Each structure stands twice: as C-alpha cells, then as structure tokens.
Amino acid sequence: MRHAIEKLIGIMEAMVADDHLHDLEIEFLKAWLAQYPDVAQLWPGSAVSGAIETVLADGHVSEDERAYLMTTLKQLAAGEFVFNDRDGAAEFALPLDNTVEVAVRDSLVCLAGDFLYGTRPACERLLERAGGWPAAAVSRNVRYLVIGSKVSPDWAGTPLGQTIKDALALQQAGHAIAIVSERRWLESLATRATPRAT
C-alpha cells in the first residue's frame, strides 16, 4: 500500500509541475484512483478523491474548480499537510482526541475549518451518507468536532480557534464531544464502509 501511495504522490507532483491542470490530467487521476480503490480510501488518496469528486460533480471543470484542485494537489504533493496526527505541521498543537473511536452513525457532527476532501457541502453529504448529521456549531448534543486539514499556523486566533475553545469548554463541563482530525474522520468512514470478511 505504501508503494501505491508514494506513486500517487509522484503523479501529483508531475501534474502540478507546470502550474496547469489539463482536463485529461484530471481524468487520468480519477481513472488511476478508480484502478486503486484501496488508495482512494486512505489518506492522502481520500483527500484527492474527494477533491476530484467535488470538481467533476457537474461534469464541467470551471477555472475556480481547476484552481482549487491545483492548490489541493500542490499542498499534498509538497507535504504541507501531515498524514500522521502525531507529528505534523497542519495539526501541530491542536487538541485532538487521538484515542477515541470515531463512529458518526446517528451522531451530530460539527465540521470546522477548510477540508482537503472538498467543500463544506461535499463533506456534509459524505457525513450524511455515513449516517451522521451535520451541526452548524458545537453544543452539548454534538458528539464530534472534525477539524479540516487546511489549518493555518495561527488557528487559535481564528473562528476555528473559537470553535475549538468552545468544544474544550464542553469537554471540561463533562460533555462527550471528541475533537478529531479530518484524516481520522475519513479513515473511520473508509473502515466502516469496508465489508467485513465472514
């Protein structure tokens, strides 16, 4: 699996090298991920797959969508985002609950920040397909706060920072809200979608 993920990163590096994404390159990447569905379910393949799904949803790639996909691929290819919760730039100093099991079915989930997977509506659709319900803000009834991977180093002074502080206050008051990364959320969805052997 590691070899396939490294190959995906190499493909992304080659695609963004000339600062232009051609429609044929986008279609190639979509086809490659379809050929390697296991890679498309794991980070960073899940982020790439989600971004391509968002861009191709209406069957036409606008210039804004092309720019969004180019930025996402560049960031992933350059390694600006961490693929491991324990040692990364995008998730550094975030108060993540790395030990809690993530099971969103029948749970209220607040999505905060910007997601590599795609737009907020795309993430909400994914959540709903998994049986969860999106919440606009954290509250006593929210089970998970999922933090998008596009985190700025000064996150504490942003609206995302306030959302995290609100969740921490709820935790200290005894409410069972877990703060998890986009990566752990996507991996939990992929794990639960994988049929179990009998």
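Structural remarks
- Within this structure, D38 fails the test of being at pLDDT 85 or above, out of contact with any strand residue (DSSP E or B) (no Cβ under 7 Å at 6 or more places or on another chain), farther than 22 Å from P121 by Cβ and outside any helix (DSSP H, G or I).
- Unmet criterion (only one of (1) assigned to a loop (DSSP other than H, G, I, E, B); (2) touching a residue at least 40 places away in the same chain (Cβ under 8 Å); (3) hydrophobic (A, V, I, L, M, F, W, C)) for A137: (2)
- Counting only residues that are among the acidic types (D, E) and either under 17 Å from the mean Cα position of the chain (by Cα) or modelled with pLDDT under 90 (or both), segment 145-183 holds 2 of them.
- Sole exception among (1) modelled with pLDDT under 90; (2) surrounded by fewer than 20 Cβ atoms within 10 Å (Cβ to Cβ); (3) in the same structural domain as L160 (by TED's automatic domain parsing) for R86, by number: (3)
- The set of residues from segment 116-129 being buried (at least 18 other Cβ atoms within 10 Å of the Cβ), in a loop (DSSP other than H, G, I, E, B) and out of contact with any strand residue (DSSP E or B) (no Cβ under 7 Å at 6 or more places or on another chain) comprises Y117, G118.
- Residue match in segment 55-70 (condition: assigned to a helix (DSSP H, G or I) and of a type in the set (S, T, N, Q)): no
- Screening F81 on (1) of a type in the set (A, V, I, L, M, F, W, C); (2) over 29 Å from R140 (Cα atoms); (3) in contact with a Ser or Thr (Cβ under 8 Å, 6 or more places away or on another chain); (4) at pLDDT 90 or above shows it passes everything except condition (4).
- All positions within segment 37-47 that are buried (at least 17 other Cβ atoms within 10 Å of the Cβ) and free of Cβ contacts under 8 Å to residues at least 60 places away in the same chain: V39, A40, G45
- Whenever a residue of segment 50-69 is aromatic (F, W, Y), its partners that are surrounded by 18 or more Cβ atoms within 10 Å (Cβ to Cβ), lying with C-beta atoms within less than 9 angstrom and at least six residues away or across chains, give the pairs Y68/A51; Y68/T54; Y68/V55; Y68/G118.
The values are calculated or read from the model by the stated rules, or taken from the named source; none is laboratory data. Just so it is clear, the model here is predicted, and its values are computed rather than measured. Positions of Cβ are generated from backbone atoms using ideal geometry, with glycine treated the same way; all protein chains shown enter the neighbour counts.
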